[in-house]
Amino acid sequence: MTAALMALTLSVSAQDAQQLKSYHFVEAQGGLRTTFGDYRLFKLTSPAVAVSYGYLTQPVGFRLHFSGWKAKSSPSYDFNYLNGNADMLLNVTHMFSRQTARPLNIYLIGGVGMAYTFDRETPEENWKHNASLNLRVGLRADQTLSKHFGLSFEVSANNMASHAKGATYQEEKGLVAMLGINYRFGHKYNAPAITVADPVQPTMTNYQMMTSNLKEQMDTWLKQMPNETLEEYQLRISDEARAAQARKLEYEISTKMAADMLQPTEISFGDYNPVLKKLAVHATSMPDFYLDMDEKEAASLYGANNLQLKNQKYTLHPDDSFELVYAEVYNPATGKTYTFDNLQKMSLNEIRNDGNYLPLNVLSEAQMKETNLAAIMDDMVNLAKDDKVITDHTHISVNSGVETAKDASGRSIINYNVGLTYEVEEQFSARDDFKPGRYVTKESKAAVLMLQIMKKAFEQDFNKYLAEGKQVIIKITGTADASPINRPIAYNGQYGEYPSQTVYKNGEPMNLSLTREEGIATNEQLAFARALGVKDWIEKEITDINKMQRDYKYLIEVSSQKGSKYRRINVQYTFVDAF
């Protein structure tokens, strides 16, 4: 029973307990009674129950207590009884601790009342109805379970007449032990003590001090100078001039306060946003700020150390936080200075929250790879020109770059793009590029040289990106001019049969066919055939790429004009999650 009640214990408010003055309670109890006599102490044990109503203050309490059921005067004979008492409860715990937040209280019990005993086992004419005075002393433990519930255990000695068949035996004392649960109500509390505290002088925040100082200086500035004419004065304090002066003073006051309050600031270059063309600068004592910079310049700053912050200007926000509005970042390694200027106090949240930032080390690596690719291209183009494979009128270009993206699970990744394209001057196209109606890759010397440059790059520096199981997206653009195809061009199926293939023309998807039976009847099919030739060349010549997951996309361009410069191809590789 005790375990079940304790499991339901609720926390008592410490504030209520400290201020508690008194309360009423009702209680139900159950236990055992034993009679003192000629037998062993617990030989004459019988059940007992009780109900009571009481009123408790902190030092003392009172209750009306009604108990009874059975009692024994011998092992073979028991009788019924009812005992009513008025008890006084003296709180012993309160004598030693005046704190009222006590979960357990010990009480001394003293009481007086009447006991009535009767026997129902003998015929009614032989009953002896005995009413006698009862005196009680005892000890009670009261455990608080919650504001309204408590658990008690008490032991009391009672003096009442016993009952025997046909005779009355006086002065037979009994010992009663009971466990009870009580419900408390009508709580009263002491009035809380009133503490008069010394008045606290309000302290000004940094922002309040700044604005107060600003107001004083602006009030002085707004006064007309002794030798200043009214016209000069009105011009000096115009709305535009007043706003500019207030901002200037605000920066001066805030900057002076920052110099006294902020720790020395260490700065370093952070990530770069190629879309916004912003380079983040990390500062130890304030939020990031941003420098306008092109991608190549930003990549060159990877690893820069010992950066210096000069000529800073600050503003102060109402939450007492400082924000940089102007600074010069000096790089001692190169002697260059970069300027951050946000004197107009534009919000930087949109720049901060943009998702296109790239680590500087990745940007630097991409720039280095592009330089290496350009070097390979120059060597191979010069060699081809020396061998008279192509003329000086063919121009090949390469480019590379990195971009942020999301994978299928929504994880942020970085893709690496590598692209190659070429141009042939009009009068030399017939020699170095596709002739009208031709689509086989090896028939374009410029296209083959471009692809060979890529092959060599993949065999050298770029081989690290051809990782097994990784994904690469290969976009191949095939173009055609507006020259009409009067009769179908033969297609021998060397690049496969394509009864229905999704391609992209002007960015929009369309279905295109290319089969041996149908041949090439439209310029769209001719451009598609030129793109398929590049795919076939890649699969056969760059064998390491075959261990990757390849996703080919065909882009078709058909010009509205005629001419050889509209008959060419280009290719772009996107290595997914390359870094």
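The values are calculated or read from the model by the stated rules, or taken from the named source; none is laboratory data. On a predicted model such as this, the values are computed, not experimentally measured, just so you know. Cβ placement follows ideal geometry from the backbone for every residue including glycine, while neighbour counts extend to all protein chains displayed. Ligands, DNA and RNA are excluded from the accessible area calculation, which covers all protein heavy atoms including side chains. Shrake-Rupley method; radii C 1.70, N 1.55, O 1.52, S 1.80 Å.
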key: Residue list for segment 263-285, restricted to those being in contact with a helix residue (DSSP H, G or I) (Cβ under 9 Å, 6 or more places away or on another chain) and within 14 Å of ARG352 (Cα to Cα)   = GLY270, ASP271, TYR272, ASN273, PRO274, LEU276, LYS277, LYS278, LEU279, ALA280
task = Output the number of residues of segment 301-342 satisfying the condition of being among the basic types (Lys, Arg) and within 14 Å of GLU266 (Cα to Cα).
result = 1
message = Given the criteria in contact with a strand residue (DSSP E or B) (Cβ under 9 Å, 6 or more places away or on another chain), in contact (Cβ under 8 Å) with a residue 12 or more places away in the chain and either open to solvent by 30 Å² or more (accessible area, probe 1.4 Å) or not in a strand (DSSP E or B) (or both), does TYR39 qualify?
response = yes
request  = Give the number of residues within segment 206-225 that are farther than 11 Å from GLN245 by Cβ and assigned to a loop (DSSP other than H, G, I, E, B).
outcome  = 3
ask   = Can you name every residue in segment 424-435 that is open to solvent by less than 20 Å² (accessible area, probe 1.4 Å), in contact (Cβ under 8 Å) with a residue 60 or more places away in the chain and not hydrophobic (A, V, I, L, M, F, W, C)?
value = SER429, ASP433
message = Cβ-Cβ distance below 7 Å, separation of 6 or more or different chains: which pairs start in segment 251-277 with a residue that is under 30 Å from GLN217 (Cα atoms) and end on one that is among the small types (Gly, Ala, Ser)?
response = LEU262/SER285; GLN263/SER285; THR265/ALA283; THR265/SER285
ask   = Which of the residues that make up segment 523-548 are among the polar types (S, T, N, Q) and either surrounded by 18 or more Cβ atoms within 10 Å (Cβ to Cβ) or touching a Leu at 6+ places or on another chain (Cβ under 8 Å) (or both)?
value = ASN523, GLN525
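When the residues of segment 335-354 are narrowed to those that are assigned to a strand (DSSP E or B), of a type outside the set (Ser, Thr, Tyr) and open to solvent by 70 Å² or more (accessible area, probe 1.4 Å), which ends up nearest to THR315 (Cα to Cα)?
ASP341
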task = Scan segment 25-52 residue by residue and report those that are at pLDDT 90 or above and touching a Lys or Arg at 6+ places or on another chain (Cβ under 7 Å).
result = PHE25, PRO47, ALA48, SER52
request  = Starting from segment 218-245, keep only residues that are β-branched (Val, Ile, Thr), then list their pairs with residues that are open to solvent by less than 100 Å² (accessible area, probe 1.4 Å) and at pLDDT 90 or above whose Cβ atoms are within a distance under 7 Å, requiring at least 6 positions of separation or different chains.
outcome  = ILE237/LEU222
ask   = Only one of (1) within 21 Å of PHE322 (Cα to Cα); (2) not in a helix (DSSP H, G or I) is not met by GLU228, so which one is it?
value = (1)
message = I'd like the full set of residues that are in contact with a helix residue (DSSP H, G or I) (Cβ under 6 Å, 6 or more places away or on another chain) and either crowded, with 18+ Cβ neighbours inside 10 Å or without any contact (Cβ under 8 Å) to a residue 40 or more places away in the chain (or both), limited to segment 559-570.
response = SER564, ILE569
ask   = Which of the residues belonging to segment 355-411 are assigned to a strand (DSSP E or B), within 20 Å of SER444 (Cβ to Cβ) and open to solvent by 50 Å² or more (accessible area, probe 1.4 Å)?
value = HIS395, SER397
key: Residue pairs meeting the criteria (Cβ under 7 Å; at least 6 apart or on separate chains; first among the β-branched types (Val, Ile, Thr), in segment 131-146; second modelled with pLDDT of 85 or more)   = VAL137/ILE109; VAL137/GLY110; VAL137/SER156; VAL137/ALA157; THR144/GLY150
ask   = Taking segment 412-423 only, how many residues are within 24 Å of ASP271 (Cα to Cα) and either modelled with pLDDT under 90 or open to solvent by 40 Å² or more (accessible area, probe 1.4 Å) (or both)?
value = 1
key: Number of positions in segment 436-483 that are under 25 Å from VAL503 (Cβ atoms), of a type in the set (Gly, Ala, Ser) and open to solvent by 10 Å² or more (accessible area, probe 1.4 Å)   = 3
Test: TYR498 is of a type in the set (Phe, Trp, Tyr) and either open to solvent by 60 Å² or more (accessible area, probe 1.4 Å) or closer than 27 Å to ALA405 by Cα (or both) = no
key: Restricting segment 230-245 to residues that are of a type outside the set (Asp, Glu) and open to solvent by 70 Å² or more (accessible area, probe 1.4 Å), the residue that is nearest to the chain's Cα centre (by Cα)   = ARG242
key: Residue within segment 190-198 that is modelled with pLDDT of 90 or more, part of a loop (DSSP other than H, G, I, E, B) and open to solvent by 50 Å² or more (accessible area, probe 1.4 Å) present   = no
key: Any chance MET178 is open to solvent by less than 60 Å² (accessible area, probe 1.4 Å), among the aliphatic types (A, V, I, L, M), closer than 30 Å to ALA115 by Cβ and at pLDDT 90 or above   = yes
key: Selection within segment 45-78 - part of a strand (DSSP E or B) and under 57 Å from the mean Cα position of the chain (by Cα)   = TYR53, GLY54, TYR55, LEU56, THR57, VAL60, GLY61
key: Candidate set from segment 273-312 (those that are in a strand (DSSP E or B) and charged (D, E, K, R)); member that is surrounded by the most Cβ atoms within 10 Å (Cβ to Cβ)   = LYS278
